Every structure is written in structure tokens, then in C-alpha cells.
Amino acid sequence: MNIISKECHVFASDSVSDDLARLLDGRNPAQVFLLVDEGSRKHCLQAIGHQPNIPNDHIVTIPASDDNKDYTSALKIWEFLSGHGATRKALLINLGGGMPCDLGGFCAATFKRGIEFINIPTTLLAQVDASLGGKTGMNLGSLKNEIGSFAMASHVLIAADFLTTLDRENLLSGFAEMIKHALIHDAGELDALLSFDFDNVNYVRLHQMVGRSIMIKDFFVKSDPQEKGIRKALNFGHTFGHAFETFAMRHQRPILHGKAVAYGMVCEVLLSRDKTGLPADVAKDVALRIERLYGKPEVSMADAPELVELMRHDKKNETTDINFTLLPSVGDVVVNQTASPAEIERILNEYLAL
Ligand code: GLY
């Protein structure tokens with residue numbers, strides 16, 4: 001097990017079952033519980049292997065998908081822990097994508113005022129973003145991550161093997177957050193990412209890129225663990241992105257988070273040209289290359305007022321203005337920028353016409 005990043009306690013694991021066994025032996029918790037969703041139970045549980053510290057009746061399964069990242073699932077987890085006699089010295093392992101990592105982290109952070117938890121992310125999105133950095137939470141109705149707390153996993157195990165089980169859509173979804181990391185902090189990595197061959201995936205190369213991407217997230221988390229300032233850099237692409245994601249969900253054609261972020265990044269690259277001086281040729285090149293990988297959202301200009309309204313209600317806003325993180329150049333970032341509805345609509349129009 002090699003350390004990838006210190007602040008977020010991330011380790012690369014060649015064998016999840018061996019590394020987990022070693023970790024559990026070393027920490028000696030009073031009880032160990034394992035959280036899976038229906039998907040990770042089916043596809044990833046075997047990677048855990050036989051762990052004498054995890055009895056079969058300590059595995060709690062919740063329904064899959066972000067719709068279930070809610071109070072009903074949280075209650076199930078809390079009741080399960082309580083019903084099985086978990087103490088303050090218990091440890092919860094969250095195995096799966098962003099959903100079980102976020103929700104399990106939140107349940108662990110709040111059960112008896114906080115028990116230790118380990119994340120074993122199994123999707124690319126969870127490996128490079130959701131499982132790292134201490135944001136835990138659940139949705140409240142259609143409001144994503146409205147309830148939550150900051151609580152850092154004691155360990156995050158990153159195993160390359162899980163990546164080979166993912167379909168193209170899920171790979172692309174996580175990859176969007178990697179592109180984001182390069183855009184905000186590593187200009188040198190951007191070209192390699194944007195020319196990655198998804199028809200012929202080189203998993204060794206992908207795993208190496210994942211390691212570098214995690215280090216970028218680690219840098220921002222270390223600089224500002226509770227997102228008072230510079231950690232907002234990680235929200236690049238997310239103001240437009242969350243609006244596209246919520247819009248798609250509302251209109252019964254949900255899209256993966258990373259895809260929405262990719263759409264959002266195209267818009268926010270173009271907005272960066274107008275607001276923070278990103279050179280026009282660079283903005284056009286990056287926008288076109290992301291558009292080639294991810295396409296365009298299923299929206300028209302008639303939807304612009306609804307999208308602006310969604311941006312107005314984004315919980316990242318601290319005033320009535322719509323808040324953006326933008327790029328003065330590739331690899332550099334400025335937080336707390338704003339744009340008017342007219343500017344937002346112009347950008348949307350430009351994207352749809354690309
Ligand atoms: N996903 C952005 C952050 O962790 O701050």
C-alpha cells in the first residue's frame with residue numbers, strides 16, 4: 001500500500017483484501033461494519049475477500065443510485081449500527097461509488113458523535129473526488145447534499161482493478177473531474193487528458209493519472225479544508241454543471257454528475273474568456289475538445305431562464321449573485337466571480353452553437 005496523498009489519507013492498493021486486513025489488524029476497532037449499495041454488493045464485494053473482522057451480519061446494504069442518498073437510507077444505516085451494538089470505537093467501511101462514500105461518511109460522522117470510517121471507492125468519480133476531502137452528506141428532496149458535515153475518512157483505498165469494471169459512461173463521468181483538476185492546477189496534464197483514448201483504454205496510464213489528480217485535490221483540501229476560500233477552486237464547472245444536472249433530473253432524463261460537470265466546464269471556460277481574461281484561442285480549443293468528448297446538454301435557449309433560476313438557488317452562492325470559479329489561464333484559478341443572467345444566457349447560446 002503506497003501513500004498517494006497525506007491530507008486526504010489516500011493509499012494506492014494492489015490488493016484491497018490484503019491491505020484492508022492489514023489496516024483492520026493495525027487499528028483494532030471494537031466492531032467493523034461494511035456499507036455497500038446493491039451495485040457494489042454485486043460487483044465489488046468479492047474484492048474485499050474473507051475478512052475475519054467483518055462478520056456477515058455486519059454488512060448493511062442500501063439501494064443504489066443518488067436518489068437513495070437520503071434520510072431513509074441514512075436511518076437504515078444508523079438503526080443497523082445501533083441494532084448491532086456499534087460503539088464509539090466501531091469502524092464503518094464504505095464500499096462503492098460516491099453515494100455510499102458520501103452517505104456512509106455522513107452516518108459515521110454523526111453516529112454517537114462520530115465513529116471512524118474508511119472509504120473504498122469503486123468508481124472513477126469517487127476515486128478522484130467524492131471519497132476524498134471530508135465532504136459527507138445526503139440529499140434533502142431534490143436538493144443535492146443539502147445536509148452534511150466535514151469529516152475525513154481515516155483511510156481511502158484506491159484500487160486500479162475497479163476501473164476495469166466501469167463502462168465508458170462512468171469512466172467519462174469521473175474523467176471530467178480529472179480534466180477539472182488539470183484546468184485549475186496542472187496545465188501540463190491537460191493535453192494528455194484531452195487526448196486519452198476511450199476506445200482503447202490504457203488502465204495503467206489511467207491509474208497513474210488518477211494518482212496525479214488525487215494530489216491536486218489534496219492540495220486544495222490541505223489549503224482550505226472547510227471551503228472558506230481557495231477550495232472553491234474545486235467548484236470550477238459546477239455552477240452551470242449543477243444546473244444542467246438538476247434540470248436533467250427534473251425533466252426525467254437524469255445524467256451522470258461528471259457529464260453535467262463537463263457541460264458546465266465548457267460554459268465556464270467560455271465565461272472565463274469574457275470575465276477573467278482566459279485567452280480566446282485557448283478557451284475555444286479547450287471548449288471544443290471537451291465538447292468532442294462529452295457532447296452538449298439536452299437543453300435549448302428556451303430553457304435558459306430555468307437554468308439561471310437553478311443557478312440562483314445554488315447553495316454555493318453566498319449573496320444574491322450567482323457565484324463562479326473561473327480561470328485567468330489554464331492551471332490557474334480565481335474564486336468568487338459573478339456573472340449576470342444576460343452573460344450566462346450568451347454563454348449558453350455560444351455553447352449550443354459550437
Ligand atoms: N467536490 C469538491 C470538493 O470536494 O470540494
Arrange the peptides 329-340, 239-250 so that the one whose residues have, on average, the most other Cβ atoms within 10 Å appears first.
239-250, 329-340
If you bin the C-alpha pair distances of the chain every 10 Å from 0, what whole percents do you get?
5, 26, 34, 23, 9, 2, 0
Note to self: Kirkwood Rh of region 239-294, Cα pairs, one decimal, Å, is 11.6 Å
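Sorted by average packing, counted as other Cβ atoms within 10 angstrom per residue and highest first, what order do 138-150, 83-95, 277-289 take?
Working: 138-150: 14.9, 83-95: 19.5, 277-289: 16.5.
Most protected by this proxy first, the peptides run 83-95, 277-289, 138-150.
Would you please name the trypsin sites (Lys or Arg not before Pro) within region 217-246 that are DSSP coil residues with at most 10 other C-beta atoms within 10 Å of their C-beta? All intermediate terms of the calculation are to be shown ahead of the outcome.
Details: sites: K217, K222, K228, R231, K232; in loops: K228.
Sites meeting the loop and neighbour criteria: K228.
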Average accessible surface area per residue within the chain, 1.4 Å rolling probe, Å²:
42 Å²
Quick numbers on region 137-284, Rg and Dmax over C-alpha atoms in Å, give 16.1, 44
Computing the accessible area with a 1.4 Å probe over protein heavy atoms, can you report the carbon and sulfur percentage for region 126-216?
50 percent
Rh by Kirkwood over Cα pairs, then Stokes-Einstein D for region 234-354 at 1.002 mPa s and 20 °C, µm²/s
153 µm²/s
Reported to two decimal places, what Rg/Rh ratio describes region 47-192 when computed on Cα atoms with Rh from the Kirkwood expression?
0.99
Region 285-326 pair-distance distribution - Cα-Cα, 10 Å bins, rounded %
24, 33, 39, 4
Collect residues whose amide H, placed 1.01 Å from N in the peptide plane, falls under 5 Å from the amide H of S13; neighbours closer than 5 in sequence don't count.
I158, A159, A160
The Cα extents of region 15-74 along the principal axes, largest first and rounded to whole Å, are 36, 24, 17
Per principal axis, largest first, the Cα atoms of region 1-100 extend in Å by 37, 28, 28
Viscosity 1.306 mPa s, temperature 10 °C: give me the Stokes-Einstein translational D for region 209-263 in µm²/s, with Rh taken as the Kirkwood radius over C-alpha pairs.
127 µm²/s
Calculate how many DSSP beta bridges within region 1-146 are antiparallel, expressed in % of all such bridges and rounded to the nearest 5.
20 percent
Heavy-atom accessible surface of region 306-354: percent carbon and sulfur, 1.4 Å
47 percent
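The values are calculated or read from the model by the stated rules, or taken from the named source; none is laboratory data. Computed from a predicted structure; not experimentally measured. Glycine gets a Cβ as well: all are built from the backbone with ideal geometry, and neighbour counts include every protein chain shown. We work out accessible area using only protein heavy atoms, side chains counted, and drop any ligands, DNA or RNA first. Shrake-Rupley method; radii C 1.70, N 1.55, O 1.52, S 1.80 Å.
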